[in-house]
Structures are given as C-alpha cells and as structure tokens.
2 protein chains.
Amino acid sequence: MKDKRLFTPGPTEVPKEVLKAISGKVMHHRKKEFSGIFENVIKNSASVFRSQGEIFLFSSSGTGAMEASVVNLTSPGDKALVIIAGKFGQRWAQLCSAFDVETEIIDCPWGEAVDPQKIKDSLQANPDIKAVFTTLLETSTAVVHPIKEIAEAVRGTNALLAVDAVSGLSCEELETDQWGVDVVVAASHKALMNPPGLGLLCVSDKAKRAYENNARKSYYWDLKKASASLKNLQTPYTPAVNMVYGLDKAIEMILAEGVENVWQRHRDLAGVAREALQDMGLELFSTSPSNGLTAVKVPEGKDCKKILTNLEENARMVFAGGQSHLKGKIIRIAHMGWCAEKDLRRALDALKKELEKQ
Amino acid sequence: MKDKRLFTPGPTEVPKEVLKAISGKVMHHRKKEFSGIFENVIKNSASVFRSQGEIFLFSSSGTGAMEASVVNLTSPGDKALVIIAGKFGQRWAQLCSAFDVETEIIDCPWGEAVDPQKIKDSLQANPDIKAVFTTLLETSTAVVHPIKEIAEAVRGTNALLAVDAVSGLSCEELETDQWGVDVVVAASHKALMNPPGLGLLCVSDKAKRAYENNARKSYYWDLKKASASLKNLQTPYTPAVNMVYGLDKAIEMILAEGVENVWQRHRDLAGVAREALQDMGLELFSTSPSNGLTAVKVPEGKDCKKILTNLEENARMVFAGGQSHLKGKIIRIAHMGWCAEKDLRRALDALKKELEKQ
C-alpha cells in the first residue's frame, strides 16, 4: 500500500517534507520552543483561513472539530438550519440530533448545490434559528456550495454560519472574514497536505460571543478553555505534537506558493480533470463541480468496483467510489492538496486505459 | 529543543524506530493494508492491557479517551464515585460535572494512595453508584493507586470500574481482566513510547453492556459506533493513520521485550531513582511511589524553577515541576517508556550536580 498514490479525498498525498517534519524528536508541549511552532501554525493558518478570528487546533479528525462547533455554538433545545446535499451535510444533522438541537433541514439532491434563497427563506420563516450548518466542498458528491451567497443570506440575521471546509479549505476559494463566515471547520489531511490527526476551527467574534455565553457544558471541545490556553500559545490537553510539526511545514509550503495561487492551481487541475473525463465520454456527477475533487458517473455496463480495484492493484493509484446510495455509481478523483498537473494526468490516463479495457 | 532529552511524564522520549514508522507514506484508512496494521495494533494492545475486552483507538489526547469513558458509561443524573488524589483525579470529577453526573468524592491528600476500604464503604452507602473513576499512576504526584485492591472493593457491586492508566499502562503492573477492571484509559505518549495523538480504551463485557444500553447520546466518542467499525477493523472517523504506524511499532517493541519484563524494568528504574535521590538527601513526595515516575520535594531554600531551567538549558534534559499547589514544591523525573538505566543515571547525576551548585 505504501507505493500507492492517493487520489482519494482524504487522506491525501503528503509531501516528503511534511512526513520528514512529523518524524522530528518530540518536544514537550508546555515549553517555549513548541509554543513557537504552535504560534507559527496559528499565525500562518490565519492566512489560509483568510481570517483574523481565533484559530483552534484539536487532536482529532475533522468530525471532532465539527462536534466542537455544534457543542460550542448551540445549547440543547436550540434550533439550527442544516443544509444536506450529501454525506457530510448529513453528518451536521446527526451531530445536531446527538446534541439535542432541533433542526430545520434543506435537503438538496445529491450532486447539486444549495440555492441560497432557500436559506434566506428558512431564516425568515424561523427567526429563532441560532446557527446554519453547511458545507464548502461536499466530499461525497464533489459539489462546491456557494458559501459567499449563503453568507449573504445569513447576514443581518442573528444566526451564526458554520461551514464544514474539511476538504475544501485551501482548494476552494473561501474569504472567511470578508464573506462573513463565523466558523470554519478544517482538518489536516485534505488540501492541507498532512496526515490525519488534527482538526481545526476558525471562529469569528460573533461566534466567540456565542460560545462564551453558551449554556451547554463541554470538556474536550470546550472553546472557552481552548481560548484561555491559546493566549499562552498552548492547548488545554496535550496536542499531537508531531502532527503540529507537519502542519507547520505544510502551511509554510502553502504560503510559499501563495494562497491565491493554490486556489488557481486547483481551478486549473479541476479544469484538466473535467475536460479529460468528458473527453472519455464520462458525465460529471455534480452540477456545481468543486476544484478539489471531481466525480463522474460510472458508465452503464461498467463495473465500478473492478475499475477501482484494477487501478489500485495495477496502476497503484487509489481513487474513491461513491458513498451511501452512490456506491458503485460514481468514481471520485481527488486533486486536492499535494497534486500537480502531471500527477493528475497520470491518474486520468490510467483511468482511461482501464475503462477501455473493460 | 530537539536536542533535549525528555524526562517528563508525557510526552516521553520516543524511540527512533517509532519516529521512522510515523513518517511512513499515508495509506487510505478504508483499505485492507491499513486494516492489517490496525488489526495488529488492536491484537497486540490486548497483551499490554492484559485483556480480552474491546480495544478502541481515538484520534485524541488521553483526556479525550477519559471523556469517552464518562459519556459512554453514564447518563445525565447518574451517580459516580471519583477518587481524587491529584490533578488527574480532579479531571475525572470535572468530566463528571461537565456531563451532569452526580459525584461522591473520596479526597486523598496529594502524595498518598487511596485506601480501598473507603471505596468499599462508599459503594455500600451508595448502592446507586454506576461507576467508579480512579487513576493507576497519578501523574501529578507520582503515586500509584492499588488497583487490584480497588477492583476487589468494587467486585460484586453493580458499579463499573474505570481506571485512568494514561501514564500507567505498561510501566505499572495492571491485570485488567484478572483483577476485574472494566475500562482502562490509555494514551500513546507515555509509557507506550509514541508521540501524543492517540487515546485508547479497553472495555470489559460488563462495560460493553453499559454503553450499549446507555441513554446518553454522543457522537465522536460513541462506542456503539466504534464497536461496529471495530468489527471491520476500522474506526468511524478517519484515524490518525501515521500515529497508528507508530503505535504498531512501539507495541511490537514492548511485546518483544515482554510485558512483564517491561514492568520489571520500570520497577528496577524506580528503585534506582528512589535510592539515588534519597542518597542526595532528597525526600520522596509520594508515600506510594510509582514505577514510572518519581517525585521528590524541593529542599528548603532551593529554587525549583532555577534547577529545572538550568537542567534544561545546560544539561539539555527536561524534568517536570509540580502542578497546581505543588508548583515550585516538587520535581518529577519520569522513567517511563523508552528509558534505560543509563539514561536515568545520567539524569540523576545531572540533578545531583545542579543541586550541589545551588
């Protein structure tokens, strides 16, 4: 498996420099040398989040950081609006249900983006909605949602806007502060080019007021405690020190390339993927295709599982199939994070050959 | 900092082989090759936990795994017995409070172990206690609690026994199944010789029945979901893949040495530490000293902070001071995990020289 190139939407391929960084000697997390690295990560992450808000690191997966959003922004009995257009929209709804948050749901067909007008209407009809939970890049469908327009729909209401950008951050344009997004959830192992193990949260002043005044108690995810530690460049509990080394390196690489250049690279990669796949006669699954990930429908009569297995075993490349009811129906090719055009073209060529063989 | 040898009770020193393992290429967590490694970790961990119970891995710190215990074993309004003899006993109580668990508290002076008779008495007086939360090695005081006798006190009651063995597992004797411990909490970055980033839980059949029938809902920590994934050698959410590589390597090293030999090495190291420290005229802080960590009182007139800073800056060794009200009053020297007698003797010599200089 260690010779297989990942074209999966997380974990993704990790640069050698980052893998080298995470193998560094462990430092004590309460010492100034580690705080220096931590400070660098927080400061540089702000440029990736495009935000002056607080940035929190959790030793967790992206789902952990989603849970942190729900438990810190809502109290039991609160109402939230959840946009479901795939598996990760569903995850927001499941989290709300687990933590006794009443939900208004906007259900979109999988493969489509949400219409921001529906959000506006729902917020008007339900002025008691405390938070809107949505997704930047819905990994299960390769759809990008119009966060800028969603933020406009939420603006002027009391609701907070929380965006799952776990697989979207750094591959899709996201102007957190300028657009008015209150909470951005991210994770180390997607376009941020790290192994899994760190969840990130970027939190606006409006969201900070909400968690400071929140009635719900929490512990591991408690942002009040995390915020107090952040002032000392620490975390309340022992952080995944070596993963922080990796994130530090990866974010430095992103800043060296330039955040807007990274967005442009992903736009270009997505263009290459869409053109090549359509040239193969394949149909895009998403009507709002993302820049980090492209999904195509499996042609009638072709065996999705066999295609993916052959690509993995022979071409040594790991692609993703569909999830839930899309299993066997779509193929997803991630070009997020550590991906150059030649890597992607190699993947597309391999897929083409495999399709021709079948 | 990267040239400083850690004698801190977590993070601890990590063998080069483990650091090399965690820098391996990232595998996809839903593929059979990763499941093979995961299976190996789970199977081999059972030998370290000395248990046939379920073993769960969380991408989290040890505190995350403690939270998982509380939310899965208790429902709001339940009563628990908490043994507080230091900062990590307090953490159990804080977690219970955060999750609306009523607590009976046995408060022990810091530096002493709990008297199991008090637990027996409390359980007799409070037959509605659902769980007993205690600590194997109380890191803040270097005390080891008599878990075997505590388990005897709990046996025959309906209560579950959950033990925080975050810094104790593999350096203190612990016969999970034989003694009748229901939940053991551990973490990667103490005597398990890994960097921080993984929390572990070992769960008995009795505790499994409790979490299966628990009324409280949870999400990231949900053991019902984790148990279903475990059957497929997976985790519900993306695990910290590279940290799992490291844990796999470290646990193989522990098994190669032999679990009982590792316990004996820690007994021997503790003997060396206690003798040398007392020979320096220092007084042990704990009346029930642990094998993984030794604490001594700072002699009257000596400046604890200066001692620790000089050791760090000049001898390039990181020791720990006291926490909470013990700040400035004790010095803690960890000899847990990746520690040989020569490493420890080097540390003790450095401390001796530093004390003579002052």
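Since every read-out is calculated from the coordinates, none of them should be taken as a lab result. If you're wondering where the values come from, they're calculated on a predicted model, not measured in any experiment. All Cβ positions, glycine included, derive from the backbone under ideal geometry; neighbour counts span all protein chains shown.
What the table shows:
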{"read-out": "Antiparallel bridge percentage (DSSP; both residues within the range A:16-256; nearest 5)", "value": "40"}
{"read-out": "Qualifying trypsin sites (Lys or Arg not before Pro) in the range A:124-212, DSSP loop, other Cβ atoms within 10 Å at most 15", "value": "A:R155"}
{"read-out": "Cβ neighbours within 10 Å from other chains - mean over A:217-223", "value": "6"}
{"read-out": "Cα-based shape type of the range A:117-239, given that a ≥ b ≥ c are square roots of the gyration tensor eigenvalues and the cut on a/c is 1.5", "value": "oblate"}
{"read-out": "Volume in Å³ per residue [convex hull over Cα atoms, computed for the range B:16-256]", "value": "106"}
{"read-out": "Centroid-to-centroid separation of the range A:95-117 and the range B:215-273 [C-alpha atoms, Å]", "value": "36"}
{"read-out": "Calculated label separations, B:P127, copies of the chain, 7 Å along the beta-carbon direction, nm", "value": "5.5"}
{"read-out": "Inter-label distance for B:N40 and A:D177, nm, one decimal - labels placed 7 Å from Cα along Cα-to-Cβ", "value": "4.7"}
{"read-out": "At 7 Å out from Cα toward Cβ: B:T157 inter-copy label distances (nm, ascending)", "value": "5.0"}
{"read-out": "Burial ranking of peptide ranges B:253-262, A:218-227 (average Cβ count within 10 Å, highest at the top)", "value": "A:218-227, B:253-262"}
{"read-out": "Residue-averaged [θ]222 nm for chain B, counting only DSSP H segments that reach four residues, each worth -39500 (n - 2.57)", "value": "-13000 deg cm²/dmol"}
{"read-out": "Cα gyration tensor, the protein assembly as shown - rounded (a/c under 1.5), prolate or oblate", "value": "prolate"}
{"read-out": "Cβ-based net charge around B:K249, under 11 Å, with every Lys or Arg adding one and every Asp or Glu removing one", "value": "-1"}
{"read-out": "DSSP beta bridge pairing in the protein assembly as shown, given as percent antiparallel to the nearest 5", "value": "50"}
{"read-out": "Computed E for A:S47/A:S75 - FRET, C-beta separation, R0 45 angstrom, nearest 0.05", "value": "0.85"}
{"read-out": "Flagged links, alpha-carbon separation over 25 Å, of A:K327/B:K225; A:K43/A:K342; A:K43/A:K120", "value": "A:K43/A:K342; A:K43/A:K120"}
{"read-out": "Cα radius of gyration and Dmax for the range B:201-298 (Å)", "value": "20.3, 56"}
{"read-out": "Positive-end residue of A:A295, A:G321, A:C339, charge dipole of the range A:273-358 with Cβ unit charges", "value": "A:G321"}
{"read-out": "Of A:K31/B:K352; A:K302/B:K32; A:K25/B:K16; A:K4/B:K32, pairs whose Cα-Cα distance is over 19 Å", "value": "A:K31/B:K352; A:K302/B:K32"}
{"read-out": "Label-point gap, in nm, between B:K224 and B:K342 - each point 7 angstrom along Cα→Cβ", "value": "5.5"}
{"read-out": "For residues of B:326-332, the mean tally of beta carbons on other chains within 10 Å", "value": "0"}
{"read-out": "Under 13 Å, Cβ to Cβ, from A:V298 - net charge with Lys/Arg +1 and Asp/Glu -1", "value": "+3"}
{"read-out": "Mean Cα-pair separation over length for chain B, i.e. relative contact order, pairs under 8 Å, 6 or more apart, %", "value": "25"}
{"read-out": "Under 20 Å from the B:D303 label point (7 Å along Cα→beta-carbon), backbone N, the range B:316-348", "value": "B:316-323, B:326-332"}
{"read-out": "Span from the the range A:1-50 Cα centroid across to the the range B:6-48 one, whole angstrom", "value": "17"}
{"read-out": "Computed label-point distance, nm, for sites A:S324 and B:E33 using a 7 Å Cα→Cβ extension", "value": "3.0"}
{"read-out": "Nm distances between copies for A:D349, ranked from closest, using label points 7 Å along Cα→Cβ", "value": "6.0"}
{"read-out": "Peptide A:23-36, shielding by other chains (average Cβ, 10 Å cutoff)", "value": "6"}
{"read-out": "Cα centroid of the range A:310-348 to Cα centroid of the range B:335-358, whole Å", "value": "53"}
{"read-out": "Interchain or long-range residues, amide H under 5 Å from B:G24's placed H", "value": "none"}
{"read-out": "Cα-based shape type of the range A:54-104, given that a ≥ b ≥ c are square roots of the gyration tensor eigenvalues and the cut on a/c is 1.5", "value": "oblate"}
{"read-out": "Chain B Cβ-axis minimum, rotational copy A, residue and distance in Å", "value": "B:S23, 2"}
